[in-house]
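The values are calculated or read from the model by the stated rules, or taken from the named source; none is laboratory data. Just so it is clear, the structure is predicted and the values come from calculations on it, not from any experiment. Quick reminder, even Gly has a Cβ in these numbers, built from the backbone with ideal geometry, and neighbours come from all protein chains shown.
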């Protein structure tokens, strides 16, 4: 049976919002709500984030750069708890006026500057260190196409499917079906590409894989959105599954997935990261997200 029809008001008023998991922090306005500066460490890069899929993109990239020997990529990672509204402090809004994690401050030069939006952070770091992004024009275009494919598909998976399937205060048939269909189409796009290519951008591991992995991987193991794996029949995407396993086994990926993680078993959490020594005693796994 179809859902009852909702008649939108002539002028939408935020007071009519029905609630949901994030109702306490969502508002129709931007800007700071609290004066609080961001902490600053000693390293060239200061990352303010949380281990959500978008946040993991940045930490995996930084760990991959360090793994590859780029010592100039040392960073301090500070947790921004978006459930508590810490993305609306004056310090964070100065780093990202959109109040979304992650935000990066590049302090490697004479004057610090901000880089916000996870895709922009990946491209900035790849260009700065000459890593994980080909210089050949055709290969570069292919990689960047898959990076921005992810930037475009992420909202359908998260704010679309994830919200209505897992977080909305009511379960309505139309939005769940609409975004479930689109999420499966997204997986099919990736699966068909990975049937012909080892990685999304080609034969080499690049920022295209770093961008997409944190969003696609949790579905293959059932560790996202109330175990949506069965609901979406994710097991049918065998090429995505092969790709996920290969990337999950990379040492830098194992490390990057727990930075700024503040849930789950204590030995898989890392609220802050300031050096490689912080990983001592932590449990790093190559399988499901922890």
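Listed values, structure above:
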read-out	value
Some residue of segment 210-222 being over 27 Å from residue 143 (Cβ atoms) and in contact with a helix residue (DSSP H, G or I) (Cβ under 8 Å, 6 or more places away or on another chain)	yes
Single unsatisfied condition, residue 22 versus (1) modelled with pLDDT of 90 or more; (2) closer than 28 Å to residue 147 by Cα	(1)
Any chance residue 178 is under 24 Å from residue 117 (Cβ atoms) and more than 19 Å from the chain's Cα centre (by Cα)	no
Answer residue from segment 125-146, given it is closer than 11 Å to residue 202 by Cα, in contact (Cβ under 8 Å) with a residue 12 or more places away in the chain and in a helix (DSSP H, G or I) and is nearest to the chain's Cα centre (by Cα) among those	146
Tally of residues being touching a strand residue (DSSP E or B) at 6+ places or on another chain (Cβ under 9 Å) and outside any loop (DSSP other than H, G, I, E, B) across segment 229-271	5
Complete set of residues in segment 138-153 that are touching a helix residue (DSSP H, G or I) at 6+ places or on another chain (Cβ under 6 Å) and closer than 23 Å to residue 182 by Cβ	146, 147, 150, 151, 153
Count of segment 88-102 residues which are within 15 Å of the chain's Cα centre (by Cα) and buried (at least 19 other Cβ atoms within 10 Å of the Cβ)	3
Strands (runs of 3 or more DSSP E) wholly inside segment 37-124 containing at least 3 residues that are closer than 27 Å to residue 146 by Cβ	45-49, 103-106, 113-116
Flag for residue 195 being exposed (fewer than 15 other Cβ atoms within 10 Å of the Cβ), in contact with a helix residue (DSSP H, G or I) (Cβ under 7 Å, 6 or more places away or on another chain) and part of a helix (DSSP H, G or I)	yes
Pairs with Cβ under 9 Å, 6+ apart, first in segment 45-69 and at positive phi and modelled with pLDDT of 95 or more, second in a loop (DSSP other than H, G, I, E, B) and surrounded by fewer than 24 Cβ atoms within 10 Å (Cβ to Cβ)	none
Subset of segment 9-23 (residues that are more than 22 Å from the chain's Cα centre (by Cα) and assigned to a loop (DSSP other than H, G, I, E, B))	9, 10, 11, 12, 13, 17, 18, 19
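Each row is one residue, and each column tells you yes or no for (1) out of contact with any helix residue (DSSP H, G or I) (no Cβ under 9 Å at 6 or more places or on another chain); (2) surrounded by 13 or more Cβ atoms within 10 Å (Cβ to Cβ); (3) closer than 22 Å to residue 222 by Cβ; (4) at pLDDT below 95.
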| residue | (1), (2), (3), (4) |
| --- | --- |
| 238 | no, no, yes, no |
| 242 | no, yes, yes, no |
| 247 | no, yes, yes, no |
| 256 | no, yes, yes, no |
| 261 | no, yes, yes, no |
| 269 | yes, yes, yes, no |
| 279 | no, yes, no, no |
| 286 | no, yes, yes, yes |
